[in-house]
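Below is one structure, written out as structure tokens; comments come after it.
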Amino acid sequence: MRLPPARQIAYGDHPDQVGNLHLPVGEGSCPAVVLIHGGFWKWGWDRTLMTPLAHDLAGRGFAVWNIEYRRVGQEGGGWPGTFEDVAAAADALAGLDGVDPTRVVTVGHSAGGHLALWLAARHRIAAGQPGAAPLVRPCGAVSQAGVTDLARGGSRRPRRWRVCGIARRDTRGATGALRGDLAGCLASAWRAGAARPRGR
């Protein structure tokens with residue numbers, strides 16, 4: 001089955017405030033997966049890390065929004081810019097054709113896993129804070145080798161592994177290895193929300 005080509009869509013004015021929308025074959029709106037790449041929150045790694053996973057998920061009937069964001073080492077990256085970017089990217093789903101913004105799951109790897117969890121919890125952020133009042137509220141999140149305790153992660157690892165006060169783990173290859181398990185996790189999220197990917 002040949003998938004439609006992915007479209008690059010801007011959600012902001014910065015060159016890295018973009019995403020690639022991968023749609024499955026067929027018509028109508030379908031459940032969406034927001035993919036957030038890792039790379040220690042640092043500039044130098046980009047969304048192409050998640051492209052193979054985007055293709056795989058689109059082939060299974062999901063709309064996939066593979067996002068880029070400003071990272072540490074770039075002007076505006078870090079706190080709060082990185083978080084404002086991923087929030088804006090997720091909210092952009094509300095205006096994209098072929099996507100059902102009521103059926104969204106976030107998926108991130110490593111640093112992106114941390115951001116995927118943060119996106120899924122935005123509805124708990126106090127008004128006026130970065131990321132508050134989401135337009136799109138995910139029904140689930142998958143964190144692939146995500147750093148979930150930033151303070152502990154930054155204090156327990158050797159200094160040579162620390163990046164921006166946050167420890168890293170070597171998770172190369174985890175994205176490909178977890179593809180099968182990820183499909184099962186997403187299917188569970190859709191069942192809980194009485195939703196199915198296109199073609200299922």
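Test of the criteria: in region 1-81, which GluC sites (Glu not before Pro) are in a DSSP loop and have at most 14 other Cβ atoms within 10 angstrom of their Cβ?
Passing both the DSSP loop test and the Cβ count: Glu27, Glu75.
Give the order of Ser143, Ser110 when sorted by the count of other beta carbons within 10 angstrom, beginning with the fewest.
On the way: Ser143 21, Ser110 27.
In increasing order of surrounding Cβ atoms, one gets Ser143, Ser110.
Values in this text are rule-based calculations from the coordinates and carry no lab data. Because the structure is a prediction, the values reported are computed rather than measured. A quick note on method: Cβ atoms are made from the backbone with ideal geometry, for glycine too, and the neighbour counts reach across all protein chains shown.
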